[in-house]
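The block underneath contains the structure these notes are about, expressed in structure tokens.
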Amino acid sequence: MRSVFLKIPTHWPWPLKVLAIFVQPVYLRLLKLRAQHLFHDYQVSRIAATLWPLCIYPITLFLKLDSINKSQLKQNFYTFFPQVKPSRLSAFDLVRITIQAVFLAVWRFRRNQSLLAILRHQLRSIWVSLKLWDRSFNHKIKNNWNRIFQITPSTSIGNLWNLKGVRWLSYLLMIAALFLFVTVPFSIPAQAAFMAVILLVAYPMRKVQGQLATIIMITLSVISSSRYIWWRFTETIYWQDWLASILGSALLLAESYAWLVLILGYFQSINPLKRRPEPLPENTCDWPSVDVYIPTYNEPLSVVKPTTLAALNLEWPADKINVYILDDGCRESFKEFAEAVGAGYIIRDKHTHAKAGNMNNAMKYTHGDYIAIFDCDHIPARSFLQLTMGQFLKDKKVCMVQTPHHFFSADPFEKNLKNHSKIPNENMLFYGLIQDGNDMWNATFFCGSCAVLKRSALEDIGGFAFDTVTEDAHTALRMQRRGYKTAYINIPQAAGLATDSLSAHVGQRIRWARGMAQIFRIDNPLLGQGLNWRQRACYLNAMMHFLSGIPRLIFLTAPLALIFFNSFIIHAEFLAIMLYVIPTLLQIKITNSRIQGKYRYSFWGEVYESVLAWYILKPTTIALINPNKGKFNVTEKGGLNEQDFYDWNISAPCLVLFFINAFGFIYACIRLIFGSPEYVAVLLISMAWTFYNLIVLGAAIAVAAEAKQVRVSHRVQSNIPAHLKLNSGHLLPCVVTDYSDKGMGIRLNQPPYININMQDSATILLTHGTQETGFPVKMITARGNHLGLLLQPMSTEQQMKYILATFSRVDAWLDWQKNFQQDKPSFSFRQVRKASWVGVQNILLHAPKPLQPIVEQMTKAALFIYSFLPRRPTSYENT
Amino acid sequence: MPHVFVIGSKGGTGTSSVAANLARSIRLNGETSVLIELCPQNQLGVHFALPWPNVQGWAQCESFVDLAKQFYRTDSDILLLPYGQMANGITPDTLFTHLKQIELPENAWFIFDCPKTFPVFEFASRKDFIIEVSTCDPICHSILYQKYAYKNYKPIQGHYILVNKYNAQSQIEAEIFCVWQNELNQLCPLFIHFDEAIKEAPGYQNQAVQTHPGNTCRADFAKLSSWLASKVSQQ
């Protein structure tokens, strides 16, 4: 009968029994269960677990809990209190709930009715309508353009043009007209109207097909940018004090440099030649003999091996081709390898003049009519000679044919920013556009590899030039002075390894920059005999490119002059600056975006330059003063990198610039609020410029975070049909998705229904030309239809065939340029902005050890404070 | 539609397998195929799960009315005419005249599995195909060279040499194949890989293209049938 007393269970401990006299045992049990549940499942402290459910009881005074759908209630609670996380309950949640409750009670929500949302919506709709208008406008222009400008070449004009007098007269007229456009001073409204007209013509032109539209855009851009420079020189150089005059003249200098490079760049790329390969004679007896040089110094045999094997397989009459390894390292293993595969092996006693000296030495021992040169990591496609040699036979004056350098591994920019094959890399502008443009003016440069040279022309100039550290460009220059022609074929016929770290990359660029500056001093292309003015202009631009260090640094710091020192470095009215600068910049961007389109996306050039600016500053300056200083440094390739790390050394200049700019930006904000109102406009424009610099520098910083590189050999993405032969004799069709000289990844066309055991050996059948060869492999990994294979030891002949079937396939590198879309500036800017944000995060993530706890604590504190702020219920945000 | 005669350069080159798989491959493309065995060994039925021992066949029937009853329709909807037991039946000559008389599906591919001694050039018209199945071995090389490699040899239209059971790992096969590619004008531009599946399939009384759809043999025969179809459309 005792158990019935007040319904108190007998097995309860006595404190509970006592309590049960005052509170109904049903509620006590509920409390107990709740507390246990909270304690065990949510890992709340014991006190909190006891106190939390107690809150329920006062609530029951107002609400009838039985009639409420509990799961619904729970869900609603978390939507209205998004800062309370069911997985992480804490005592502070009470404060958070209170704040949020007050916020919810006071603030009125309607869907999408917050100010920000309205603003965003409005901006979005404006943007969309602008885009639509832009599209229809472009469409109309395009249609009309095709209708109106169907230009048929007229022979009478052509004949007239051939007269020298007519030609010079028209040149003169053009220059006079240009001079007039550039120099006439305009009032501000007149300038506004002028730029509006120019933009109005240039803007719709950007989507019109054809070279004529490009030329018109370039002309307009030349006019407006020249006009800008003229204006800067004639009207804006009345500086107030000595500081402003120093800073102002520096900026003016940088701008003049940029203008010169722009004009030369336009000239260079106004009409790329896009040369096609020439057919060879039917009879192979008429084909000339070729020596293939593979110079090497300290690279491992594993790098040189594929190149040599591929070179031995070049399709050319066997009695007319000889392959030589030029080993400046004099290594015994190389000698053995060369003998085993049937390649020549040439070494020398005195290792003077680096690569050029090495090749000059080899020329003493070989006797072919032509010399093909491959850097030891550039694996040639077997069609290389057949595609290039035709040029020599067609025109006897051709002394060099260059093909692009293509890299199958990611360069440091691509690797560290993780945009390999998404954004054209740094090289693409040069090999995709500039060399083709140079070719138009017979000014193709020799790039040291993937090229064929004529022996007699080389002998004519006394062998490869060795006075500078860029022997290649200098050799081509010397040959051109003798009246030889150079050619460029924009079909990738060899592929190699890119530099694998930012520091190596910078080192390579330093060498190029130094070499170019040396040529500028020793054998200035502007002076001397044998070149025409077009070639001089192309060479000048190549040299100028490497002098970009100082101007870039000036552009990255110029807006700070006003922010920190309040010095007006451009002496002009605010409105005039706006009217001259913004439309001109806009037009330059549009024009460059059209010309460089597939080869360089907008804004990336600034990022590349910013990384290098500081580093090429010193070598170029030194080389300009004393050209004989500095030695040849070999670019390291094929390196490993076991973990992610941040290269603080290499990014130091960018970091300093970044922090100066960031500080400037904050200082400008303070001045904006507390300073005198007359500076607001100029401050705002300086801040915009600083902000842009911050974005560019952020991206430059992001590159220094070295991503890890664990694979010894780089995998090349591919799409080659193949067959996998299992040990059981079954043959499965597949596609090789990636390969290297060590292994490959394949995708079976159908899910394997036959048992495939890992670690089993198998054979992969690959075709090269019309032949099929089997290569022994071991199956390592499987994921769905994808298998990872490891190549097993092969005979030399098999290795050769493997290279033929993979790296040196004719079509191996053909699609490298086609994968890229035409540039879209807004998209490209977004990419730079993203990279920049990653860069900022990287600094925090890779902060030096002593600073790391501080960064960590600050992040934690920020997150903690943020968690108290009231916010919109989550469901509203989603809708 | 044209007739396709499949004949071996020598015995054991896999003629029946090629005929059976080709017929099935054509069927898989959605076209009809009629497969006729001219080989007295009478084993083509094994590929199509015919009753064993097989008592039907054209060689034992006497009139074309009788002949129409000798066809099997397989599950895959291929019409199959086996050789049957040789009794006192009709000769191949009469068979071809009878075939024209009886009602067979229109636009069907006729595939003949011929013994190596069958005088195929007498029966083939200008529009027909003769697929001579060879393997890359020295015997076949010798046979083919004695037959076709003379300078004054005139290739016959529609006659092609198909390399079967090609094994790229074998050095002799790779070398012979390379020579053929350069010197034999009648060589098919495609070849059939050696595949265990082709060996296994008759064990299931089926064709390899059906039993092993993930194998290379299916792709190879698909290529062969579409190549034939393209040749027909060129005519």
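Each reported figure results from applying straightforward, stated rules to the coordinates on display, with no laboratory input. All figures in this text were calculated on a predicted structure; none of them were measured in a lab. Ideal geometry is used to build each Cβ from the backbone, glycine not excepted, and the neighbour counts take in all protein chains shown.
Overview of values
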quantity: Neighbourhood charge, 12 Å Cβ-Cβ cut-off, centred on A:Leu199 and excluding it, Lys, Arg +1 and Asp, Glu -1; calculated: +2
quantity: Pairwise centroid distance, computed over Cα atoms, of region A:362-379 with region A:789-810, Å; calculated: 23 Å
quantity: Rg in Å to one decimal, and Dmax rounded to a whole Å, for chain B via C-alpha atoms; calculated: 17.3, 53
quantity: Estimated dipole of region A:716-814 in Debye, rounded to 20 [Cβ of Lys and Arg +1, of Asp and Glu -1, Cα centre]; calculated: 160 debye
quantity: Leading residue at positive end of dipole, chain A (Cβ point charges), from A:Pro848, A:Ile99, A:Cys330; calculated: A:Ile99
quantity: Around A:Arg46: net Lys/Arg minus Asp/Glu count, Cβ-Cβ under 15 Å; calculated: +1
quantity: 5 angstrom amide H check on B:Ile111, placed H, neighbours 5+ away; calculated: B:Val4, B:Val34, B:Leu35, B:Ile36
quantity: Size of electric dipole in chain A: Cβ of Lys, Arg +1 and of Asp, Glu -1, about Cα centre, debye, nearest 20; calculated: 3680 debye
quantity: Expected 222 nm ellipticity per residue - DSSP helices of 4 or more, -39500 (n - 2.57), all of chain A, to 500; calculated: -17500 deg cm²/dmol
quantity: Most positive-pole-ward Cα, A:Leu220, A:Gln529, A:Tyr78, against dipole of chain A from beta carbon charges; calculated: A:Tyr78
quantity: Dipole axis of chain A (+1 Lys, Arg; -1 Asp, Glu on Cβ), positive-most option in A:Val303, A:Met428, A:Trp231; calculated: A:Trp231
quantity: Three-way shape label, chain A, alpha-carbon gyration tensor, a/c 1.5; calculated: oblate
quantity: Amide hydrogen neighbours beyond the local backbone of A:Phe645, cut-off 5 Å, H modeled; calculated: A:Glu706
quantity: Whole-Å distance, taken between Cα centres, linking region B:151-187 and region A:716-780; calculated: 25 Å
quantity: Average Cα contact separation per residue, region A:709-748, under 8 Å, 6 or more apart, as relative contact order %; calculated: 37 percent
quantity: Check: region B:52-208 dipole with +1 on Lys, Arg Cβ and -1 on Asp, Glu Cβ, in debye; calculated: 440 debye
quantity: Rough spin-label spacing in nm, given labels placed 7 Å along Cα→Cβ, for A:Ala177 and A:Ser795; calculated: 7.2 nm
quantity: Label point distance in nm, A:Lys164-A:Asp286, each placed 7 Å from Cα along Cα→Cβ; calculated: 3.6 nm
quantity: Karplus-derived 3J(HN,Hα), 6.51/-1.76/1.60, for each residue of region A:47-58, Hz, glycine and proline x; calculated: 5, 4, 5, 7, 6, 3, x, 4, 4, 4, 4, x
quantity: In order through region B:47-57: 3J(HN,Hα) via Karplus (6.51 cos²θ - 1.76 cosθ + 1.60), integer Hz, x for Gly, Pro; calculated: 5, 10, 6, 6, x, 10, x, 8, 9, 8, x
quantity: Prolate/oblate/rounded label for region A:2-68 (Cα gyration tensor, a/c 1.5); calculated: oblate
quantity: Relative contact order [Cα under 8 Å, 6+ residues apart], region A:361-452, whole percent; calculated: 48 percent
quantity: Spin-label model distance (nm) - B:Ile156 vs A:Arg276, 7 Å beyond Cα toward Cβ; calculated: 4.3 nm
quantity: Least to most buried among B:Asp113, A:Asp291, B:Asp77 (fewest other Cβ within 10 Å first); calculated: B:Asp77, A:Asp291, B:Asp113
quantity: Formal net charge of residues neighbouring A:Ile371 (Cβ-Cβ distance under 11 Å; K, R +1; D, E -1); calculated: -1
quantity: Value of relative contact order over chain B, rounded to a whole percent, pairs C-alpha under 8 Å and six or more apart; calculated: 26 percent
quantity: Span from the region A:391-440 Cα centroid across to the region A:462-534 one, whole angstrom; calculated: 14 Å
quantity: A:His406 long-range amide H proximity, modeled H, under 5 Å; calculated: A:Ala494, A:Gly496
